[in-house]
Amino acid sequence: MKNFKQFDCWLQLLPIIVCTMLIVTGTMDFYYGYFIIGGRQFISMLVHEFTESFTYKGSARRIYQNITYIIVACMVLTPLVYVTGIVFVPMLFAAPFMAAYYTGMCYRETFIYSKRPLSMLK
């Protein structure tokens with residue numbers, strides 16, 4: 001799991017950097033970046049969920065995942081119940097912060113929380 005966490009942490013940064021560069025240069029539409037980065041992070045969340053990595057009750061990851069599951073459920077239900085469509089406008093502004101927070105959370109779990117106690121004495 002340690003190797004996966006390290007690979008996942010660095011793989012979080014890759015779509016953020018690439019999509020940001022493509023959006024700034026005008027090669028890619030703004031909305032595609034949201035779905036590429038969000039989709040990549042959602043897959044990462046599902047892997048962490050099924051491997052039960054840092055998902056204990058009350059953890060930052062558990063709280064973040066529950067909020068994200070609610071947001072995704074609202075997005076899926078939008079065609080059926082239009083009232084849930086109001087989630088899209090706030091997400092335009094919140095999504096970049098959520099992506100940065102999730103990447104930071106992955107970094108902390110990989111390089112700070114996973115260290116052995118004796119290595120922290122240095």
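Jot down the radius of gyration and Dmax of the range 8-122, Cα atoms only, both in angstrom.
16.1, 56
Let me know the charge dipole size of the chain about its Cα centre in debye, to the nearest 20, where only the beta-carbon of Lys, Arg (+1) and Asp, Glu (-1) is charged. Numbers along the way, then the final one.
Values: 10 positive and 5 negative charges, 126 e Å.
So the dipole magnitude of the chain works out to roughly 600 debye.
Could you point to the residue in Phe88, Cys74, Ala99 farthest towards the positive end of the chain's charge dipole, with +1 and -1 charges on the Cβ of Lys/Arg and Asp/Glu respectively?
Sorting the options by dipole projection puts first Ala99.
Enumerate the amide H contacts of Met28 below 5 Å, restricted to partners 5 or more residues apart or on another chain; note that Pro and chain-start residues carry no placed amide H.
Distant-sequence amide H within range of Met28: Ile23.
For Val89, tell me the accessible area in Å² from a 1.4 Å probe, rounded to the nearest 10.
Rounded to the nearest 10, that gives 90 Å².
Can you give me the angle between helix 88-108 and the longest principal axis of the chain, using Cα atoms only, in degrees from 0 to 90, rounded to the nearest 10?
10
How far is helix 2-25 tilted, in degrees, relative to the longest principal axis of the Cα atoms in the chain, given as a value from 0 to 90 rounded to the nearest 10?
Long axis of 2-25 versus the principal axis of the chain: about 40 degrees.
The values are calculated or read from the model by the stated rules, or taken from the named source; none is laboratory data. Being a predicted model, the structure only gives us computed values, none of them experimental. All Cβ positions, even for glycine, are placed from backbone atoms using ideal geometry, and neighbour counts span all protein chains on display. Heavy atoms of the whole protein, side chains included, go into the accessibility calculation; ligands, DNA and RNA do not. Shrake-Rupley method; radii C 1.70, N 1.55, O 1.52, S 1.80 Å.
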